[in-house]
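Some notes on the structure that comes next.
The values are calculated or read from the model by the stated rules, or taken from the named source; none is laboratory data. Quantities reported herein were computed from a predicted structural model and do not represent experimental measurements. All Cβ positions, even for glycine, are placed from backbone atoms using ideal geometry, and neighbour counts span all protein chains on display. Keep in mind that these areas ignore ligands, DNA and RNA; they rest on the heavy atoms of the full protein, side chains included. Shrake-Rupley method; radii C 1.70, N 1.55, O 1.52, S 1.80 Å.
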Amino acid sequence: MSWSQPAQAASSHLIENRWDDAVAARLSAPQLLLYRSNLLGSDKRITNYGGGNTSAKLPGKDPLTGQEVEVLWVKGSGGDLGTMKLDGFATLYMEKFRALERFYQGPASDTVLVPLYAHCTFDLNPRAASIDTPLHGLVDRAHVDHMHPDALIAIAASADSRALTKEIFGDEIGWLPWVRPGYELGLRLREFVRANPRARGVVLEAHGLFTWADTSKACYENTLDIINRATAWLHERSRGQKPFGSITASPLSAERRREVAAAIMPLIRGAISSNSRKVGHFEDSEAVLEFVGGEKLAPLAALGTSCPDHFLRTKIWPLVLPFDAARESVDQLAARVRPGIEQYRERYASYYERCKREGSPKMRDPNPVVYLVPGVGMFTFATDKATARIAGEFYINAINVMRGAASVSTYRGLPEQEAFDIEYWDLEEAKLQRMPKPKPLAGRVALITGGAGGIGLASARRLMDEGSCIVLCDIDRDALAAAEGSLKKQYGSDVVSTCWVDVTREDAVSNGFREGAWKFGGLDICVSNAGIASASPVEETSLATWQKNMDILSTGYFLIARQAFQLFKSQAIGGSIVFIGSKNALAASPGAAAYCTAKAAELHLARCLALEGAPIGIRVNVVNPDAVLRGSRIWQGEWAQQRAAQYKTSVDELEAIYRERSLLKRSVYPEDVAEAVFFLASESSAKSTGNIINVDAGNAAAFTR
Ligand code: NAD
């Protein structure tokens, strides 16, 4: 959406009233607060992910005395308004909360006051009260909303935001100068409400909007009305404006943009992942392309973002990577990545040095989060995919704010000391310290071939359980779609990507890796697993059968490994390749010469690659399964019948036969193979390469030597 769109589009910018009286009639007062919160939070035009909060002061029954007391229901720490449930609200006795004022000793009192909020808890509610609690508790109104709508922040981040607020809203909406969120701001809000009893809300400079009313419905409608008035005003006033200057870089075609992203993102990822691995997200929506293509890109980006939430998500500034797509090659752009990141780190370190205070937390990761490339779009990187995507969404909010502010006034970022004080707030640091230890594969990306099959899908699940993102490749479209559906249901759609790949085709293989590169920013783990099986006496084995085994199990593994090597080399942070071999690669089996020979070639390829990869940190290992019948599609076809004939038994009896044949007398399942895949993919096996792990319940003929 663009503020400079034609007038007839104006109404489409306005937020529709989604309050349904029939739904509301069935809800209790706390549920009405939740209903309002979900309605507001699920629209990104109203507030950003995890941003904003809502509250209601409601009567409640004290569990000990049975007496009616006033309870503050306010969105608690963490979570997101759009998706929160009732347990996302903190509940505080208003009487106790009011009594906290005696601990106030001036603007820096939050370190003392925030831990005391827990002492006001009503009904043993475990949800922690957030730093924004006083912005609700101190405002003497029954229902309060605090939102971060782009249109309002555009006004709040304009050089003359006070005058603009007055021009749009007259005396209905007040204006308060920037004060960091916390108790002090709560007091200022209280003072404002007392002095302006008729006001419907207040704009907070460089921050957002506060609105209030007597009921949940009235509060919702008031919030919407104020946002819509600002949106309409801004739209009208910015008509014909060019807030980003004239276009200096036209967008490349969608396909070309992805190609460039796939080439550049692994370079960025490699440069910023030395301490902890990062996952990338690529965004090339109209809003982003308009901003990165404008002549004012560099100066506007340098001003930094303004809403306090943004600093924590996006850092104070993005990194602009200059690119003249019409005249320059991707190699020229690539050459700018490392120097650009190094300069950014230096700039960030001097910002830290300039702004740090006594007792500030140590400097955090100095790498950029947001990368802007003219004609191409925006890359964002974080330790997991959802955080990277959300950082991108936040920067789109920042772009919308800059577009609006620069159309009607001069955009102003927050002074860097204020930005720093939010970024390095000790309360924020404490939150970071409380975060659970990352999973072993957090920030990792794995590509799995034959991923829709038994062992491939079990491996995907195992790696995802440990925090990895997955690019699932298979030749069978239907099976791939079913696998995708089931993984997304279990792990969410951020972390799964699928791609049709025939491992015998060079173009399809490079396409699969490109997909991983632009979807997640690169790759750490490659599980080469695609396979078939065939069995026939050698004199009856056709050349086509022989060739098919060689194509998939030998050439296919070469093509996949070659592409993985190229990508790993461009990232320059090593990598792990796991081949799914077979017991038959080591121990010959009668009547399956084509399969056994192709698997033996695959095994030797792994050893050769282990030699080549070691100097650059690429490990190559093999898992040799045997007789994994459950879940395997190989065992649903001809192979099972041929094997049954070989052992003079029925297909149903096969699993028992293999189990009894094994040394440990146990069946082998896809999850057992996946466990070995996880070990070889993870840092637990950081010092192993050229190895084979047999997962076959014990088979003396296949002992490695
Ligand atoms: P599976 O049939 O369930 O899975 C194999 C997958 O590979 C299938 O989804 C199939 O569509 C895919 N595939 C086939 N040809 C492909 C191609 N050209 N390009 C891309 N994908 C292709 O079988 P599984 O048991 O899960 O086998 C996985 C691997 O394990 C294979 O390499 C197999 O040789 C090996 N293996 C399996 C067993 C066993 O008993 N199941 C034993 C030893 C080795």
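Translational diffusion of the chain, estimated by Stokes-Einstein from the Kirkwood radius over alpha carbon pairs at 20 °C in a medium of 1.002 mPa s, is 76 µm² per second.
Computed with a 1.4 Å probe over protein heavy atoms only, the accessible surface of the chain comes to 42 Å² per residue.
Exactly which trypsin sites (Lys or Arg not before Pro) in region 305-367 are in a DSSP loop and have at most 16 other Cβ atoms within 10 Å?
Working: sites: 313, 315, 327, 336, 345, 347, 354, 356, 357, 362, 364; in loops: 315, 327, 356, 357, 362, 364.
Filter output for region 305-367: 327, 356, 357, 362, 364.
The largest accessible area among 579, 703 belongs to the first residue in 703, 579, and the rest follow in falling order (1.4 Å probe, all chains). Only beta bridges with both residues in the chain are counted; by DSSP, about 55 percent of them are antiparallel. For the set 256, 98, solvent exposure ranked by accessible area (probe 1.4 Å, protein chains only) runs largest to smallest as 98, 256. If you model region 220-316 as an ellipsoid using its alpha carbon gyration tensor, with each semi-axis the square root of five times an eigenvalue, the axes come out at 31, 21, 14 Å, biggest first. With point charges of +1 on the Cβ of Lys and Arg and -1 on the Cβ of Asp and Glu, referenced to the Cα centre of the chain, which listed residue (430, 226, 369) lies farthest in the positive direction of the dipole? Value computed over the given set: 430.
Could you tell me which of the pairs 315/362; 599/665; 44/519; 569/599 are separated by over 19 angstrom between their Cα atoms in the structure shown? Pairs exceeding 19 Å: 599/665; 44/519; 569/599.
For a quick protection proxy, order the peptides 265-278, 626-639 by their average other-Cβ count within 10 Å, most packed first.
Highest-to-lowest ranking by the protection proxy: 265-278, 626-639.
Test of understanding: express the Cα radius of gyration of region 254-433 as a ratio to 2.2 N^0.38 Å, with N the residue count. Intermediate results must be reported in sequence, preceding the final value.
Values: Rg = 15.9 Å, N = 180, 2.2 N^0.38 = 15.8 Å.
Computed over Cα atoms of region 254-433, the ratio equals 1.00.
Packing, as the average of other Cβ atoms within 10 Å across residues, places the peptides 154-162, 689-697 in the order 154-162, 689-697, highest first.
For region 10-237, compute Rg over Rh where Rg is the Cα radius of gyration and Rh is the Kirkwood radius from the inverse mean 1/r over Cα pairs.
Details: Rg = 17.1 Å, Rh = 17.8 Å.
Using Cα coordinates only, the ratio equals 0.96.
For the residues 68, 515, a 1.4 Å probe over the protein chains yields an accessible-area ranking, largest first, of 68, 515. For region 95-247, DSSP calls about 70 percent of its internal beta bridges antiparallel.
Among the GluC sites (Glu not before Pro) within region 242-306, those in coil by DSSP and having at most 15 neighbouring Cβ atoms inside 10 Å are 295.
State, to one decimal in nm², a quarter of the convex hull surface area for the C-alpha atoms of region 130-220, i.e. the direction-averaged projected area.
Values: hull surface 21.7 nm².
The directionally averaged projection comes out at 5.4 nm².
According to the calculation over all Cα-Cα pairs in region 228-283, the P(r) per 5 Å bin from zero is 4, 13, 14, 11, 12, 12, 13, 12, 8, 2 %.
Of the trypsin sites (Lys or Arg not before Pro) found in region 39-95, the ones in coil according to DSSP and having at most 15 other Cβ atoms within 10 Å of their Cβ are 85.
For region 600-652, go through all pairs of different Cα atoms, get the mean of 1/r, take its inverse, and jot down that Kirkwood value in Å.
Details: mean 1/r = 0.0731 Å⁻¹.
Roughly 13.7 Å, rounded to one decimal.
Near residue 452, no amide H atom lies under 5 Å from its own; only residues 5 or more places off or on other chains count, and H is placed 1.01 Å from N.
Estimated purely from DSSP H runs of n ≥ 4, each contributing -39500 (n - 2.57), the mean residue ellipticity at 222 nm for the chain is -13500 deg cm²/dmol once divided by its residues.
Relative to the longest principal axis of the Cα atoms of the chain, the long axis of helix 454-465 makes an angle of roughly 30 degrees.
Note on residue 427: accessible area approximately 40 square angstrom, rounded to 10, probe 1.4 Å, nucleic acids and ligands left out. Sorting 121-127, 676-682, 546-552 by their mean Cβ neighbour count within 10 Å, with the most densely packed peptide first, gives 676-682, 546-552, 121-127.
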